[in-house]
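Below is one structure; the comments refer to it alone.
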Amino acid sequence: MADRPVGFGRREHMGTTPPPGTGKLNDETVARLLPERSKRGHKGTFGKLLVIAGSLDYAGAALLVCRASGRAGAGLVTLAVPESLQPLFASKVVEATTMALPEDDVEEVDPEPALAKILDNEHDALVIGPGLKPSLAGADLLRLILTQPEEGVNPPAVLDAEALRTLASVGEWWTGVTRPCVLTPHAGEFARLRAGAGHDPAEDGDLNEDDGARVRAAAAAAAEWGHVVVLKGANTVIAAPDGATAMASFENPAMATGGTGDVLAGTIGALLAQGLSTFDAARLGVYLHGNAGELVRDRLGDAGLLAGDLPDALPIVRKRLAGIAERQRSGRRLGFGARHDHGDDEGPAAPADGD
């Protein structure tokens, strides 16, 4: 190993040089994507996220999504689960609320009544899939959600885990989808999606080691499917349907542990709920998530990170990026000048009502 001076300097994320035309995410480019936080905002101002996730065997996935979305800035988070499971989840989530979905059997949703309840819930974005139980009823509910008639605004959705496995089994699933989506597959899920779309995954190349192949494959999929694709892994790739691509240069073996993808899904979902476009939410979400992993790695090392360590690091990263964004807007140089509060001359304003 090369000799390095010991100190507390910030680690530079060099990673692999992205292929030509691929934007490399860094502090300066990503800070511009941060959604505004109004000083007079309230919990409704900062987005309402509906999470359809979790099962008896994978309760943790839903809990990680909810915690990450709150830490990423969502104002209100609601977890929708089959009604027989609601008591279990209601006792586990603290900041999120729960919603019972009608069933036609134990832990099996009844698709049409469940859809009616989901549509009756006011939300700005959805996360669908983490920890869901594989079932025909669940697949039918996903189809109904994604193909709702465009009578109004259909909020965007993050599709992960079981939602992706369901899509992989449906030929040309994207032709009927009426809402913008962010798909977050790892390499294995991506290969199944490509095979389900009629492609030979082997022709995409090595999606674990070859970053050029990863960018080309993600871009091709996003263009075909018409939705943003986040191809997870070392140097995660984000691809938009219009051909834009970006890469986050994080190679962190500590992140190779169960549940970290659930945290990413919740992070991107929270940013969608705060009004970001699918491509911007995906880019910012990936960068927040990757930086959170770096913070934990700096403390614990390359092994031992748990997915539950990540959510609490998200607002720390966001705070740092917000400082960069403020300097970008004001043109001020970094320094230790006194902060000036520009409130009313008559004294400090009363704190905003949390509700």
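Here's the yes/no breakdown for (1) of a type in the set (Ser, Thr, Tyr); (2) farther than 28 Å from Phe279 by Cα; (3) modelled with pLDDT of 95 or more:
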{"position": "Met1", "(1), (2), (3)": "no, yes, no"}
{"position": "Thr16", "(1), (2), (3)": "yes, no, no"}
{"position": "Arg37", "(1), (2), (3)": "no, no, no"}
{"position": "Gly44", "(1), (2), (3)": "no, no, no"}
{"position": "Val51", "(1), (2), (3)": "no, no, yes"}
{"position": "Leu101", "(1), (2), (3)": "no, yes, yes"}
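In the set (1) in contact with a Lys or Arg (Cβ under 6 Å, 6 or more places away or on another chain); (2) surrounded by fewer than 23 Cβ atoms within 10 Å (Cβ to Cβ), the condition left unmet by Tyr58 is number (1). Of all residues in segment 305-319, exactly one satisfies the criterion of being within 18 Å of Asn26 (Cβ to Cβ) and out of contact with any helix residue (DSSP H, G or I) (no Cβ under 8 Å at 6 or more places or on another chain), namely Lys319. Quick one: Gln148 ticks every box in (1) part of a loop (DSSP other than H, G, I, E, B); (2) closer than 22 Å to Asp280 by Cβ except a single one, so which number is it? Of (1) part of a loop (DSSP other than H, G, I, E, B); (2) closer than 22 Å to Asp280 by Cβ, only one is false for Gln148: (2).
Among the residues of segment 110-145, those that are assigned to a loop (DSSP other than H, G, I, E, B) and farther than 15 Å from Ala157 by Cα comprise Asp110, Gly131, Leu132, Lys133, Pro134, Ser135. Listed conditions (1) of a type in the set (A, V, I, L, M); (2) farther than 30 Å from Gly73 by Cβ; (3) touching a residue at least 12 places away in the same chain (Cβ under 8 Å) are all met by Leu164, apart from (2).
Within segment 70-97, the set of residues being of a type in the set (Ser, Thr, Tyr) and touching a Ser or Thr at 6+ places or on another chain (Cβ under 7 Å) comprises Thr78, Thr97. Of everything in segment 72-109 that is charged (D, E, K, R) and in a strand (DSSP E or B), the residue that is farthest from Ala59 (Cα to Cα) is Asp104.
The values are calculated or read from the model by the stated rules, or taken from the named source; none is laboratory data. In this text, all values refer to a predicted model and were calculated from it rather than measured experimentally. Backbone-built Cβ (ideal geometry, glycine too); neighbour counts: all protein chains shown.
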